[in-house]
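Colleague: Handing you a structure now.
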Amino acid sequence: MRVPMIAGNWKMNTTVSEAIDLVKEMLPGLDQIDNVDKVICPPFISLAAVKALIKGGTIKLGAQNLYFEEKGAYTGEISPLMLAELCEFVIVGHSERRHYFNETEDIVDKKVQAALKVGLKPILCIGESLEENEAGKTKQVLIKQLSSPSARIYYFSGLILAYEPIWAIGTGKAATGKQANETIGFIRQHIARQYGKRIAREVRILYGGSVTADNIAEFVNQPEIDGALVGGASLKASEFLSIVRQTSEIKRRR
Ligand code: PGA
């Protein structure tokens, strides 16, 4: 059985004190839900403060990015080793990083490997753009993103995938549950063909892109979808809590 996961990607939002307030607001409700992995990913500078707040509870912490070198003269970067002291998860290859910061497949692959090396669990984001989608190239793009030379080791190491169609991120235009389920089913089949059925059955695959409290049920009711990577809606304590609660109830019934 795959444990469902809801991860909140706060992106470049919240000062340290705002992050503390947001966590304090979510904490009592979130802590009680036990059949879902609840991950929050605040900005780097808030990780230590948030870690202290959630200590001893059930909420897990993730970072939004990392650099692939362990240490050295890379001004302004954050290393896997630094993160490993603070959190359990790290988002890698988010489309905003690929787009605004020119992260290539090669860089994304190095980051995944660097994270795994220190025991961080990567949440690897993949997904097609609107043009690729309209040109019928979705499967081709996903296969390319899933085919890094070291991909074989990913799936044996607790890697989590997040399928995030770029046209659905921050646009309010989410995919339908059926669309997302079909594409995630395709990803799982691809993994089964490449690495075997057991790995494909075990890997958790989330949907991401304009997930809200109003549409989460549509996604987590689908058999292939193990949860969601939530952007905007993770910044509102009550909405994030509702997303996690609905996921918990739906997956408990399945
Ligand atoms: P969104 O972002 O929920 O605001 O669309 C999702 C993401 O970028 O992970």
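None of the figures in this text is laboratory data; all of them are computed from the coordinates on show. This one's a predicted model, so the numbers in the text were calculated from it and none came from an experiment. Cβ placement follows ideal geometry from the backbone for every residue including glycine, while neighbour counts extend to all protein chains displayed.
Colleague: By counting other Cβ atoms within 10 Å of each Cβ, how are Ile143, Ile107, Ile91, Ile166 ranked from fewest to most?
Modeller: Ile143, Ile107, Ile166, Ile91
Colleague: Another question, then. Hey, quick one: spin label on Glu182, modelled 7 Å out along Cα-Cβ, who in the range 154-170 has an amide N within reach, i.e. under 16 Å?
Modeller: In the range 154-170, the label zone of Glu182 (backbone N under 16 Å from the point 7 Å along Cα→Cβ) covers 165.
Colleague: Go ahead and collect, in residue order, the members of the range 73-107 whose backbone nitrogen is under 19 Å from a label point 7 Å along the Cα-Cβ direction of Glu131.
Modeller: 95-105
Colleague: Do any chymotrypsin sites (Phe, Trp or Tyr not before Pro) in the range 46-153 lie in a DSSP loop with no more than 16 other beta carbon atoms within 10 Å, and if so, which?
Modeller: When the chymotrypsin sites (Phe, Trp or Tyr not before Pro) of the range 46-153 are filtered for loop state and at most 16 Cβ neighbours within 10 Å, Tyr74, Phe101 remain.
Colleague: Where in the range 54-73 does the amide nitrogen come within less than 19 Å of the point 7 Å from the Cα of Ala48, taken along Cα to Cβ?
Modeller: Output list for this probe position: 54-56, 61-67, 71-72.
Colleague: Pairs of lysines 8 or more apart, or on different chains, with alpha carbons under 17 Å: count those in the range 55-175, would you?
Modeller: 8
Colleague: Could you please state, rounded to a whole Å, how far the C-alpha centre of the range 13-43 is from the C-alpha centre of the range 115-168?
Modeller: What the calculation gives is 26 Å, centre to centre.
Colleague: Hey, got the Cα dimensions of the chain along the principal axes, in Å, largest first?
Modeller: 48, 45, 33
Colleague: Rg and Dmax in Å for the range 93-151, alpha carbons only: what are they?
Modeller: 12.2, 39
Colleague: If you don't mind, there's one more thing I want to ask. So, R0 is 25 Å and r is the distance between the beta-carbons of Gln32 and Leu86; what FRET efficiency does that work out to, to 0.05?
Modeller: With R0 = 25 Å, the Cβ-Cβ based efficiency is 0.55.
Colleague: How many nm separate the modelled label positions at Arg198 and Glu105, each set 7 Å beyond the Cα in the direction of the Cβ?
Modeller: Each label point lies 7 Å from its Cα, and together they span 2.8 nm.
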